[in-house]
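Written out below as structure tokens is the structure these notes cover.
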4 protein chains.
Amino acid sequence: MTNPLPYLLAQRKPDQVGTVIRVGSVSIGGQQPTIIAGPCAVESKEQILAAAHAVKRSGANLLRGGAYKPRTSPYDFQGLGELGLKLLSDAREATGLPVVTEILSEQDINLIAEYADMLQVGARNMQNFSLLKKLGQIDKPILLKRGPNASVKEWLLAAEYILHQGNPNVVLCERGIRTANGAGRNTLDLAAILEAKQLCHLPVIADPSHSTGKSEWVMPMSCAAMALGADGLIIEVHPDPANAKSDNDQQLDFSEFDSLMGKLYLKPLSTAGFAGGWGMD
Amino acid sequence: MTNPLPYLLAQRKPDQVGTVIRVGSVSIGGQQPTIIAGPCAVESKEQILAAAHAVKRSGANLLRGGAYKPRTSPYDFQGLGELGLKLLSDAREATGLPVVTEILSEQDINLIAEYADMLQVGARNMQNFSLLKKLGQIDKPILLKRGPNASVKEWLLAAEYILHQGNPNVVLCERGIRTANGAGRNTLDLAAILEAKQLCHLPVIADPSHSTGKSEWVMPMSCAAMALGADGLIIEVHPDPANAKSDNDQQLDFSEFDSLMGKLYLKPLSTAGFAGGWGMD
Amino acid sequence: MTNPLPYLLAQRKPDQVGTVIRVGSVSIGGQQPTIIAGPCAVESKEQILAAAHAVKRSGANLLRGGAYKPRTSPYDFQGLGELGLKLLSDAREATGLPVVTEILSEQDINLIAEYADMLQVGARNMQNFSLLKKLGQIDKPILLKRGPNASVKEWLLAAEYILHQGNPNVVLCERGIRTANGAGRNTLDLAAILEAKQLCHLPVIADPSHSTGKSEWVMPMSCAAMALGADGLIIEVHPDPANAKSDNDQQLDFSEFDSLMGKLYLKPLSTAGFAGGWGMD
Amino acid sequence: MTNPLPYLLAQRKPDQVGTVIRVGSVSIGGQQPTIIAGPCAVESKEQILAAAHAVKRSGANLLRGGAYKPRTSPYDFQGLGELGLKLLSDAREATGLPVVTEILSEQDINLIAEYADMLQVGARNMQNFSLLKKLGQIDKPILLKRGPNASVKEWLLAAEYILHQGNPNVVLCERGIRTANGAGRNTLDLAAILEAKQLCHLPVIADPSHSTGKSEWVMPMSCAAMALGADGLIIEVHPDPANAKSDNDQQLDFSEFDSLMGKLYLKPLSTAGFAGGWGMD
């Protein structure tokens, strides 16, 4: 017994313009793409401050960093917890960048909402309906990642859980789906961005880091997502990717991120071939 | 940085016999398969009592029934909540069958543990690590379903999260994976049962209801899972599947369940052909 | 513009009994399961004769063996070609077992049909429509494997291509689908056997060798497929799997195959636990 | 027993520049992207001539059109056969565009090679090794589509089959993979283009028509593939998509194709938002 209007609140009405979501002073879904950047995990004061300054300098709009990490094994680094939140807050103070960080437990909502400007629901929790309902009752914007095997319909209904509880500020993030033989860590499903934007008025950004799992593919995939019309990107950037505590292969260093930002914004259109993409270099 | 012994506690040591998990007076993982049966959701006192008596009569060992339902849409029936728990408890009193029910929220652990004999983690929450950690701190057995796209390794590491916190009583349940072109609702991955039992000492049962999504396929798939060596089955049974509040197509009625149980236990081996399976009829 | 009766010839009419296909003196689809066994590839006279005698002794009904091998790399062993066909024919003469072998090229049809009793279309050629049409014009039975990513509908329509050209003798074979996280080499989709038998009157057998890719899983998966109601099995058996020219990990040796056949036919029903399967040991 | 240099001929050596493949007067893999366009199937003289003139006018470099169609059902339109080849040849004469068309049968190689400038191996035949070997013995360039479930490694080894027989002129085409929950008909795996270009020196183009299956998604997906660095595109264009004999939903009409070509080449870089893509409009 399914409701005849399955996405009562998330659904884009005919001719409805896309909703712009505000995160602090930053807009997502407007006339400019929004770039979220920062390390996979907050590891130390030095690391997060260095990353925050670097991504700000290159033009990023928001800072990301995990304080509570959803790790496949209980024996892997689980994040710094509240200390990580404090360090993120310090980095915001130092750079002015609003902060987005992942929430794993319903019981941490108040704590995280105190420190962060936007709360991220990770791919594994996309259908943690109990968490979604509670996030619908706070007044912070939510970044909702698509599950690695979720249909677009299921993803939009997960957003609907949040909207339905009264929080209208949801940004969707496509981060790749698991496939039998796709190249890389996950397969970035760009058509899902098109479908989500057709069906739903919320902004949709892309995650080229988790989808590819390889730092050298992040730039061309970012160009592709932008050319397609994504509302922004979330990119992992670390001072020293080889020695990061997680996601070593996919984090960009500062110089790589700076090149990527230059590619996205500054260069005139040409057709210079593979290394840079036809339309972007 | 992954631990060299990824499944420190879940791992089957050479020649280790399988662990037997006790749920009330019932064993899972021993010399007899264990059959868990009951409706998708608890809907009313009459419904759950009728189902409990019927599955008991046919030989089931445990009663299942959802009080908190993880539904794709917020507009679908979400379960009776605590009332559902009370009705399950009444059904246990009436039949003597221990009760297993799904938990969706960390905040419900104490409440559900008060009423139920075993707590089920559904497929969507297999990597809700915060929930897994808290379930590792209670003294009730846990039924851990495999995520619809999880590898066997990820599934065993999810179990490891529970064991690591001190709760050794975990039963694994294979319920089908999502595939591009597999027949039915999900594809029951029987080889995953073989792999899980090779790598891990915990019992592994199969769910022929959610995997096939079709009531007429539940019997042959149950026979297959038993012939393969699964430690048991969890089967959806409802007094009136056509009018159930969820999972209408896959629930068995009482007569179908009774036939299935007869097939599994009572008939001598023959080779009577397709309708009953070569080895089971 | 799809035909309203998509499987005009393959479709099972209401109450239609399954079609029995004859291969030499052997029936597939009747009251007894049919077991096809033999090496992945014909490698030498000694090898194929030894294998033929061994599988015959254990009760197999047909001999399999590849003379033309579809290998992922052009640098891998491509089969003995016509010599392989001759050796298969010798093995048939020595044992009385009819012979099935794979066809890769339309241009080999007459040659292979001269030597073999049944021609196999491999998974990679399931939608080689040009080959299917030509196989519809000969009078030998065809063993049609399901593609590793084909839907049941596509599989039945591939059979329809053969039937439509006038050859009614097609046996379907489920050999596993490719999935993102399924255990083993491919995921045996047993529900596809149920769906194919519901929709279509042709016999359907299972391939536990290619689906699992592990010799130790072939026995329990064979028991599962038989318990479900498959019309037979095709199993790779080699005198010395470790030194085979292909598929080393999944071929059974003679002793393992003999145990499997004993398990399928000779033992009384019991519930002796995992090692043998509840219904089969 | 796999060769230690699995892609002996296809493999990109360190610092090797990409190979440029010539099709008539057209280059694929050079400094400019190559656009192949035309209808799914050749249906009539009027249709193919109109399409050829239209795509030429908008800037396409090659004409595509199917004379032999690989259809899932034997009852669907199978193509005009040799008549279709003649009409393609007429269209080339009228427009100067070289012609690419699909080959389904080894027995048609000489016939098709007489009419066409490039022969296409469709996704279903990517591992039709017998066909690949014979195509390695002719002197026409080959367009090799990736199978809907093939790994990049398998795809490159399929190319190796052609190269190994002596034909060095192979262009790879990514056309989408089948996934459980990807949006659209298939999931365009753009990372596979990156991986193929890293491992292999051959040009790689993208097919936004078959991957998305929806005409309105062809433009943004084309922009994405170009921004990523694909060497070209193959796009279905039909005078009247609604009345085409196949692929009605995904073919562009002439006006849509003209807009797409304008988007790819003519517009200055801006960030005008979703409708046109950030980098492309």
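The values are calculated or read from the model by the stated rules, or taken from the named source; none is laboratory data. Everything numeric in this text was worked out from a predicted model, so none of it was measured. Ideal geometry is used to build each Cβ from the backbone, glycine not excepted, and the neighbour counts take in all protein chains shown. Heavy atoms of the whole protein, side chains included, go into the accessibility calculation; ligands, DNA and RNA do not. Shrake-Rupley method; radii C 1.70, N 1.55, O 1.52, S 1.80 Å.
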For segment C:1-100, averaging the sequence separation of alpha carbon pairs under 8 Å that lie six or more residues apart and dividing by its residue count, the contact order in percent is 26 percent
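Rounded to the nearest percent, how much of the accessible area of chain D (1.4 Å probe, protein heavy atoms only) is carbon and sulfur? Don't skip to the end; give the middle numbers.
Values: 4400 of 8930 Å².
About 49 percent, which is the carbon plus sulfur part of the accessible surface.
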Position D:Phe77, label points 7 Å along Cα→Cβ, spacing to each other copy in nm (shortest first, one decimal): 4.7, 4.7, 5.9
Using a 1.4 Å probe on the protein heavy atoms only, what accessible surface does D:Arg22 show? Give it in Å² to the nearest 10. 130 Å²
Charged-residue dipole, Cβ positions (Lys, Arg, Asp, Glu), chain C about Cα centre, Debye nearest 20: 500 debye
Quick check on packing: order B:241-251, D:111-121 by the mean number of other C-beta atoms within 10 Å, highest mean leading. D:111-121, B:241-251
May I ask you to list the aspartates and glutamates whose Cα is less than 12 Å away from that of A:Lys56, ignoring any residue fewer than eight positions away on the same chain? A:Asp258
List the relative contact order of chain A as a percent without decimals, with contacts defined as Cα pairs under 8 Å and 6+ residues apart. 19 percent
Under a Cβ-only charge scheme (Lys and Arg +1, Asp and Glu -1), can you give me the dipole magnitude of segment C:166-255 about the Cα centre, in debye to the nearest 20? 200 debye
What the Cα atoms of segment D:1-157 span along the principal axes, largest first and in whole Å, is 52, 40, 26
What does the copy distance list look like for D:Ser255, label position 7 Å along Cα→Cβ, in nm and ordered from shortest? 5.1, 6.1, 7.7
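Residues of A:147-154, mean number of Cβ from any other protein chain within 10 Å of their own Cβ, rounded to a whole number?
On the way: counts 5, 8, 13, 7, 6, 4, 4, 4.
Taking the mean over all residues of the peptide, I get 6.
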Pop out the ³J(HN,Hα) list for segment D:66-71 in order, Karplus 6.51 cos²θ - 1.76 cosθ + 1.60 with θ = phi - 60°, rounded to Hz; leave Gly and Pro as x. x, 9, 10, 9, x, 9
Taking amide H positions as placed in the peptide plane 1.01 Å from N, state which residues far from C:Val171 in sequence (5 or more) or on other chains have amide H under 5 Å from it. C:Ile142, C:Leu143, C:Leu144
D:Lys86 accessible area, 1.4 Å probe, all protein chains in place, Å² to nearest 10: 100 Å²
Can you find, among D:Ser58, D:Leu157, D:Gly79, the residue sitting farthest towards the positive end of the charge dipole of chain D, where Lys and Arg contribute +1 and Asp and Glu -1 at Cβ? D:Leu157
Residues of chain A: accessible area per residue with a 1.4 Å probe, Å²: 32 Å²
For A:Val23, the residues 5 or more places away or on another chain with a placed amide H closer than 5 Å to its own amide H are A:Ile28
Teacher prompt: D:Asp90 distances to equivalent labels in other copies, 7 Å Cα→Cβ, nm: 5.8, 7.8, 8.0
Can you give the Rg to Rh ratio for segment D:1-64, taking only C-alpha atoms and Rh from Kirkwood? 1.20
Report P(r) for chain A: all Cα-Cα distances, bin width 10 Å, range 0 to the bin holding the largest distance, values in whole percent. 7, 31, 39, 20, 4, 0
Using bins 10 angstrom wide from zero, how does P(r) for segment D:135-237 break down, in % of all Cα pairs? 16, 47, 29, 7, 0
Could you state the number of Å between the C-alpha centres of segment C:146-173 and segment C:55-110? 21 Å
How many nm is it between the label spots at A:Leu83 and D:Asp139, if each spot is 7 Å from the Cα in line with the beta carbon? 7.2 nm
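Restricting to DSSP H runs of at least four residues, report the calculated mean residue ellipticity at 222 nm for the protein assembly as shown, -39500 (n - 2.57) per run over all residues, nearest 500 deg cm²/dmol.
Numbers: 36 runs with 384 residues, N = 1124.
Result for the protein assembly as shown, helices only: -10000 deg cm²/dmol.
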Interface B/C, total buried accessible area with a 1.4 Å probe, nearest 100 Å²? 3900 Å²
Checked against the positive end of the charge dipole of chain D (+1 on Cβ of Lys and Arg, -1 on Cβ of Asp and Glu, about the Cα centre), the farthest of D:Tyr115, D:Val237, D:Ser44 is D:Tyr115
Tell me which residues come under 5 Å, amide H to amide H, from A:Glu43 once H is placed; ignore anything under 5 positions away on its chain. A:Ile48
For B:Ala113, the net charge from surrounding residues (Cβ-Cβ under 10 Å; K, R +1; D, E -1) works out to -3
Please compute the volume of the convex hull spanned by the alpha-carbon atoms of the protein assembly as shown and report it per residue in Å³. 153 Å³
Per-residue average of Cβ from other chains inside 10 Å of B:226-236: 6
Mind checking the mean number of beta-carbon atoms from other chains within 10 Å of the Cβ atoms in A:196-207? 1
Going Cα to Cα from C:Lys245, which lysines come in below 18 Å? Please leave out same-chain ones fewer than 8 positions away. C:Lys45, C:Lys69, C:Lys214
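Divide the volume of the convex hull of the Cα atoms of segment A:184-270 by its number of residues and quote the answer in cubic angstrom per residue. Write down the numbers at each step before the final one.
On the way: hull volume 9.1 nm³, N = 87.
That works out to 104 Å³ per residue.
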